[in-house]
Ligand code: IMP
């Protein structure tokens, strides 16, 4: 599996240090409040699990699943809701936890759908920010790393449902998806 990675972009240690730092900042920002973390399946599983361990205010976790990918490396431009939340988010402090914000389409859709349910507040936290690819008006409130326009896998991110278990973020060798 690791032979399919052309370069390790962010090491396991770097991720863990960053996630800890993000957890501290979020804990300070939400002091005295309870935060409802929304893990966007499936890519954010690892990030959510690690992040919540570093949040010191009370936390509730829920999951949502959306799909925007037409083929395996390019967004289709249309977002579909695959699995809705279980919790009622009215008057709750919602923090959407994303693995990566790329074009911003998914984030724009999630914000719009969740805002209609009248939460007390809504913010977005992403580990990776592919800022140069942004075409939609959507920006995260918290991000871990700005990354270049490369297709990355690991730490929850997949290609065709594989590579999620890698503990680091790596650039997938283009021969894997261009053959
Ligand atoms: P957006 O809607 O274009 O911002 O894309 C967001 C979603 O696309 C993320 O939640 C990921 O599932 C997926 N995605 C975007 N870039 C990558 C990547 O480099 N590797 C794996 N998945 C990605």
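Every read-out reported here was derived from the displayed coordinates using simple, explicitly stated rules and does not represent laboratory data. All values reported here derive from a predicted model rather than from experimental measurement. Reconstructed Cβ throughout: ideal geometry from the backbone, glycine too, with neighbour counts over all protein chains shown.
Key figures for this structure:
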{"read-out": "Cα long-axis angle, helix 12-29 against the chain (0 to 90 degrees, to the nearest 10)", "value": "20"}
{"read-out": "The chain - percent relative contact order, Cα under 8 Å, separation 6 or more", "value": "25"}
{"read-out": "Calculated P(r) of the chain - Cα pairs past 29 Å, %", "value": "17"}
{"read-out": "FRET E, pair residue 6, residue 31, Förster distance 41 Å, beta-carbon r, rounded to 0.05", "value": "0.45"}
{"read-out": "DSSP beta bridge pairing in the chain, given as percent antiparallel to the nearest 5", "value": "35"}
